[in-house]
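*Asks:* Could you have a look at this structure, given as structure tokens, before my questions?
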Amino acid sequence: MPSSPKPDLRIGLAGLGTVGIGVVKIIQRHADLIAARTGRRVVITAVSARDRTKTRDADLSGYAWETDPVALARRDDVDVFVEVMGGHEGPARLATEAAIAAGKDVVTANKALLAHHGHSLALAAEAAGRVIRFEAAVAGGIPVIKALTEGLAGNRITRVMGVMNGSCNYILTRMQNEGLSYAEVFAAAQALGYLEADPNLDVGGIDAGHKLSLLAAIAFGTEVSFDAVELEGIGAVSIDDIKLAADMGYRIKLLGVAQMTGRGLEQRMTPCLVPADSPLGQLQGGTNMVVLEGDSVGQIVLRGPGAGEGPTASAVMADVIDLARGLRLPTFGQPATGLTRPVAAKTATPAPYYLRMTLLDKPGALAKIATALGEAGVSIDQMRQYGHEGVNAPVLIVTHKATRDDIDHAVGLFAGTGVLVGAPVVLRIEAV
Ligand code: NAP
Ligand code: HSE
């Protein structure tokens, strides 16, 4: 007897913005391709957004409309709730919880939701025998969640790194390539619609920090701990620093690093100097890059579009297609009940630091700074004064490996020297 065809996989789609419309287009354009690959048809049954009257770039006439995404999540004709609304509270959280309670699987692109509530949502989903998938939430079109949870499942992950916010990389590379100030490029990026409605989510490092915290949970088998991510945005990166870093063979990137150390879990999303000739150093524009390191595989570098309609919808559909195929994995790659609560490392692994400061141009000024560094236990690798600004002297110091605590101690001592003008710029130099 021929086996009966598999039933359709029925999608309830909450959110019809950039990503949601991208999902509609793929499901409509590739209906036969998806059916061939999964052995069943993937169909949208119902959709939800705020404004029903808005003109949208896709034909939605065949789908039922729900004003309330929670009602959409509970519909009997929905198997998979796809959440592409955004926000870590309100409708996204309520509807996701409702979907799980109603026995639906969930696919989401919402890194903020999972960074804040990922552990409790994963526990709830797994207790109900449901799955939550979130490929699109980290690095857009790059299949990094799949790489970590599946491709590298046989490795102990030693480090995860990456440039995961395209807007920040766009700003930093335009500053680098065109010699423009942060303020100029920020304004241009905003005018082009490249920044989130709240631009601090991008330039403050929050969006990228959300993504890093999700990768760290999978990589190290820990509960998501976004609050423990050391966050520093790019707003203080000046064109002077970009040029000086370039003179020394470096680029400045908003770099995320997560690693498990003997002192606990380190998670940082901060502007760092990386070698200009490294893959991360060469990354241009809005592109993302994630570097994964495992004990058996060594280093993997994934590069691609981190945002936009097509790339993000492509990642959402990868999750939907996994569900259509019957591939069901725990949210963070292992049962949520087995994830450990991470101890946050109090200090980052020692690294060389870049210190730029302005000193009063008078005898002994540099010596006082060198003495302060020595007192804090920080050894100088390179030190130079570059030019003069009236009675002031700009000075650049590169240290040997030091802890951030020792650097902060030294910077505290600088204040007592009486030769420092303004605050020093402190940037970590990351070995990548
Ligand atoms: P968007 O263009 O702003 O679209 C959001 C959609 O959600 C809109 O259709 C909006 O309705 C709907 N919505 C918002 N609040 C709602 C509510 N209370 N009830 C019902 N519908 C509501 O956002 P997006 O860029 O598509 O992003 C969606 C999600 O994907 C976010 O979590 C984002 O972080 C994530 N993401 C986006 C990208 C990207 O490149 N855009 C990349 C990776 C991840 P209206 O259209 O009626 O206003
Ligand atoms: N604002 C984000 C970025 C969108 O610039 O990368 C994708 O998460």
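The values are calculated or read from the model by the stated rules, or taken from the named source; none is laboratory data. Every value quoted in this text rests on a predicted model; they were computed, and no experiment measured them. Backbone-built Cβ (ideal geometry, glycine too); neighbour counts: all protein chains shown. Quick note on the areas: whole protein, heavy atoms, side chains included, nothing else; ligands and nucleic acids left out. Shrake-Rupley method; radii C 1.70, N 1.55, O 1.52, S 1.80 Å.
*Asks:* What is the diffusion coefficient of the chain in µm²/s, taking the Kirkwood radius over Cα pairs and the Stokes-Einstein relation at 20 °C with a viscosity of 1.002 mPa s?
*Replies:* Details: Rh = 23.2 Å.
For the chosen part, D equals 92 µm²/s.
*Asks:* Just to confirm my numbers, what's the Cα centroid distance between the range 143-198 and the range 248-276 in Å?
*Replies:* 13
*Asks:* Turning to a different aspect of this structure: How big is the dipole moment of the range 353-429 about its Cα centre under a simple scheme where the beta carbon of each Lys and Arg is +1, that of each Asp and Glu is -1, and everything else is neutral? Debye, nearest 20, please. Please report the intermediate quantities before stating the final value.
*Replies:* Working: 7 positive and 7 negative charges, 26 e Å.
Taking the Cα centre of the range 353-429 as origin, the dipole is about 120 debye.
*Asks:* Find how much the distance from Ala431 to Asp198 grows on full extension, using 0.36 nm per residue of separation minus their present alpha carbon separation; answer in nm with one decimal.
*Replies:* Values: separation 233, 0.36 × 233 = 83.88 nm, distance 3.17 nm.
Between Ala431 and Asp198, full extension yields an extra 80.7 nm.
*Asks:* Quick check: the angle from helix 365-375's long axis to the longest principal axis of the chain, C-alpha only, nearest 10 degrees?
*Replies:* In the chain, helix 365-375 runs at an angle near 60 degrees to the longest axis.
*Asks:* Right, something else. Which angle from 0 to 90°, rounded to the nearest 10, does the C-alpha axis of helix 111-127 make with the longest principal axis of the chain?
*Replies:* Taking the Cα atoms of the chain, the angle to 111-127 is about 50 degrees.
*Asks:* Related question: Does a label point 7 Å from the Cα of Gln284, set along Cα-to-beta-carbon, have any residues of the range 169-189 with amide nitrogen under 16 Å, and which are they?
*Replies:* 169-180
*Asks:* Run the reach check for Lys253 against lysines, Cα to Cα strictly under 27 Å, same-chain hits fewer than 8 apart removed. What comes back?
*Replies:* Lys111, Lys146, Lys211, Lys243, Lys346, Lys401
*Asks:* OK, next. Would you compute, from DSSP H runs of 4+ residues alone, the mean residue ellipticity of the chain at 222 nm, taking -39500 (n - 2.57) per run and dividing by the full residue count, rounded to the nearest 500?
*Replies:* Details: 13 runs with 146 residues, N = 432.
After summing the helix terms and dividing by the residues of the chain, the value is -10500 deg cm²/dmol.
*Asks:* Tell me the net charge near Pro91. Cut-off is 10 Å between Cβ atoms, Pro91 excluded, with +1 for each Lys or Arg and -1 for each Asp or Glu. Spell out each step's value before the answer.
*Replies:* Working: positive: Arg50, Arg93; negative: Asp68, Glu83, Glu89.
So the surrounding residues net to -1.
*Asks:* Just to confirm a number: summing +1 for Lys and Arg and -1 for Asp and Glu over residues other than Val224 whose beta-carbon lies under 12 angstrom from that of Val224, what do you get? Write down the numbers at each step before the final one.
*Replies:* Details: positive: Lys111, Lys211, Arg341; negative: Glu223, Asp227.
Result for the local shell: +1.
*Asks:* Choose one of Gly166, Val107, Thr55: the residue whose Cα lies farthest towards the positive end of the charge dipole of the chain (beta-carbon charges +1 Lys, Arg; -1 Asp, Glu; about the Cα centre).
*Replies:* Val107
*Asks:* Calculate one ³J(HN,Hα) per residue across the range 36-41 by plugging θ = phi - 60° into the Karplus curve 6.51 cos²θ - 1.76 cosθ + 1.60, and present them in order as whole Hz with x for glycine and proline.
*Replies:* 5, 7, 10, x, 7, 8
*Asks:* Enter the angle in degrees (range 0 to 90, nearest 10) between the Cα long axis of helix 182-191 and the first principal axis of the Cα atoms of the chain, meaning the one along which they spread out most.
*Replies:* Tilt relative to the chain: about 20 degrees.
*Asks:* In whole percent, how big is the carbon plus sulfur part of the accessible area of the chain, probe 1.4 Å, protein atoms only?
*Replies:* Details: 9280 of 17800 Å².
Carbon and sulfur: 52 percent of the exposed surface of the chain.
*Asks:* Considering only DSSP beta bridges whose two residues both sit in the chain, what percent are antiparallel, to the nearest 5?
*Replies:* Details: 49 of 73 bridges.
Beta bridges within the chain, antiparallel portion: roughly 65 percent.
*Asks:* If you don't mind, there's one more thing I want to ask. What length, rounded to one decimal in nm, is gained on full extension from Lys243 through to Arg52, with 0.36 nm per residue of separation minus their alpha-carbon distance?
*Replies:* Details: separation 191, 0.36 × 191 = 68.76 nm, distance 4.95 nm.
Fully extending the segment from Lys243 to Arg52 adds 63.8 nm.
*Asks:* Now, a different point. What stretch of the chain, leaving out the sites themselves, is the longest with no trypsin sites (Lys or Arg not before Pro) in a DSSP loop having at most 15 other Cβ atoms within 10 Å?
*Replies:* Looking at the chain, 157-262 is the longest stretch - no exposed trypsin sites (Lys or Arg not before Pro) with at most 15 other Cβ atoms within 10 Å.
*Asks:* Rank His409, His388, His119 by accessible area, highest first, at a 1.4 Å probe radius? Write down the numbers at each step before the final one.
*Replies:* Details: His409 90, His388 120, His119 35 Å².
Correct descending sequence by accessible area is His388, His409, His119.
*Asks:* Peptides 63-69, 223-229: what's the order by average Cβ count within 10 Å, highest mean first? Can you show the working numbers first?
*Replies:* Numbers: 63-69: 17.0, 223-229: 20.4.
Packing proxy ranking, top to bottom: 223-229, 63-69.
*Asks:* Which residues' amide hydrogens lie under 5 Å from the amide hydrogen of Thr158, considering only partners 5 or more residues apart or on another chain, with H built in the peptide plane?
*Replies:* Glu293, Gly294, Asp295
*Asks:* Would you mind working out the accessible area per residue for the range 4-148, using a 1.4 Å probe, and quoting it in Å²?
*Replies:* Heavy-atom SASA per residue in the range 4-148 reads 41 Å².
*Asks:* While we're on this one: Along Cα→Cβ, 7 Å out, is where each label goes; now give me the distance between the ones at Val391 and Asp76 in nm to one decimal.
*Replies:* Here the modelled spin labels are 8.4 nm apart.
*Asks:* So if each residue of separation counts as 0.36 nm, and I subtract the Cα-Cα distance between Arg156 and Ala423, what length gain in nm does that give?
*Replies:* Details: separation 267, 0.36 × 267 = 96.12 nm, distance 4.08 nm.
Computed gain between Arg156 and Ala423 is 92.0 nm.
*Asks:* Given 37 °C and 0.692 mPa s, compute D for the range 30-135 with the Stokes-Einstein relation, Rh being the Kirkwood radius over Cα pairs; round to the nearest whole µm²/s. If you can, show how the numbers build up before the last one.
*Replies:* On the way: Rh = 14.6 Å.
The diffusion coefficient I find is 225 µm²/s.
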